[in-house]
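Reviewing the structure listed below.
The numbers here are math on the coordinates, done by the rules we state, and not lab data. What you are looking at is a predicted structure, and each value in this text was computed from that prediction instead of being measured. Note that each Cβ is placed from the backbone with ideal geometry, even for glycine, and that neighbours are counted across all protein chains shown.
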Amino acid sequence: MKFVMGLAEKEGWNPGIHDGECFYHADPEGFFIAELNGEPVGCVSAVSYNCLFGFVGLFIVKPEHRGKGIGSSLWSVAMARLEGQVMGLDGVLDQEPYYSKHGFHPYYRNMRFEGRGGETMPSGLLPLSDMPFEDILVYDSKAFSQLRPGFLAGWAGQEDSSAFASVKDGCLQGYGILRKCRSGYKVGPLFAEDISVAERLFLALRSTVPENESLFLDVPQPNKDAVMMANKHDMSVCFETIRMYRGKAPDIDLKKIFGVTTFELG
């Protein structure tokens, strides 16, 4: 995983400093490395959730070894592992034709917004650790489409992170997690019932980031409220991906997704 995350960093994807460990525990059998003469030269992830939904990511070959068929071999391994499952991915825009050729269909774009940390912590929120894990798990599945306990337990409890929950009448109304990255900090996920809840969670997370440090938020473009919130807080788009699915797209409510968990695992 150190090699995999190192490739991701060189590609400019700015992974979280604990992403490798958290990703691995989501599905230890879902990560593959290509070797050439004993040297690791590429990678791909094909993480399965409950053998129903798979997500492909971290598809990278070292630049000096591209054009040798290594990417095709990695891709074949990923597709074989997730055969029979609905598959999703967040691809860079110039790779859309490649994924389309392999049966993936575009659904919407995700926009990475960049801003700055600081400001004041809003009142009325709870540390996410105060919430029963089962409540978090069920709420998360409504925005992700699958229960992902192994991943979520590690993701919510990782070092160098902040996490808050919004509760009304004993019911979870939204939650958000922020983690330290190689450069700055990323919010994800940020799931909420509406923009008022999402904004309070976002401000709470932002307040834990040192002033003038970079803050990133990955927003599904169809969620107009999420885009409006990012613009309102002086964030600007610095990167985009395209969400694609092979098979029937999961039934999720994009209006509740104000921040994607991660482009690598969905």
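Report relative contact order for the stretch 112-259 in percent, whole number only (criteria: Cα-Cα under 8 Å, sequence separation at least 6).
Across the stretch 112-259, relative contact order equals 34 percent.
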- Query: Among Ala80, Ala198, Ala165, which one moves the most in a GNM of the chain with springs linking Cα atoms closer than 10 Å?
  - Reply: Ala80
- Estimated FRET transfer efficiency when R0 is 35 angstrom, pair Lys2-Asp169 (beta carbons, to 0.05): 0.20
- Message: Tell me the Rg and the Dmax, in Å, that the Cα atoms of the stretch 2-110 produce.
- Response: 13.6, 40
- Note on the structure: With Cα coordinates, the longest principal axis of the chain makes an angle with the long axis of helix 133-144, in degrees rounded to 10, of 60 degrees
- Query: Expressed as a rounded percentage, what relative contact order does the stretch 2-110 have, with Cα pairs under 8 Å and six or more residues apart?
  - Reply: 20 percent
- Query: Given a Förster radius of 25 Å and the C-beta distance between Ser196 and Leu52 as r, what FRET efficiency does 1/(1 + (r/R0)^6) yield to the nearest 0.05?
  - Reply: 0.15
- Task: Distance from a point 7 Å along Cα→Cβ of Lys142 to each backbone N in the stretch 250-266: keep the residues under 20 Å and list them by number.
- Result: 250-262
- Message: For the stretch 112-259, take N as its residue count and report Rg(C-alpha) divided by 2.2 N^0.38 Å.
- Response: 0.99
- Message: Looking at the chain as a GNM with Cα springs under 10 Å, which of Pro63, Pro127, Pro149 has the largest mean-square fluctuation?
- Response: Pro63
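Sort 231-242, 137-148 for me by packing, meaning the mean count of neighbouring Cβ atoms within 10 Å per residue, highest on top.
Going from most to least packed, we get 137-148, 231-242.
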- Length-normalised contact order for the chain - Cα pairs under 8 Å, 6+ apart - percent: 25 percent
- Query: Can you give the extra length, in nm with one decimal, that the chain gains between Tyr98 and Lys224 once fully stretched, where that is 0.36 nm per residue apart less the Cα-Cα distance?
  - Reply: 42.5 nm
- Lys68: which aspartates and glutamates have alpha carbons under 17 Å from its alpha carbon, excluding same-chain residues fewer than 8 sequence positions away? Glu35, Glu39
- Item | Additional length obtainable on full extension of the chain from Lys248 to His105, 0.36 nm per residue less Cα span | 50.5 nm
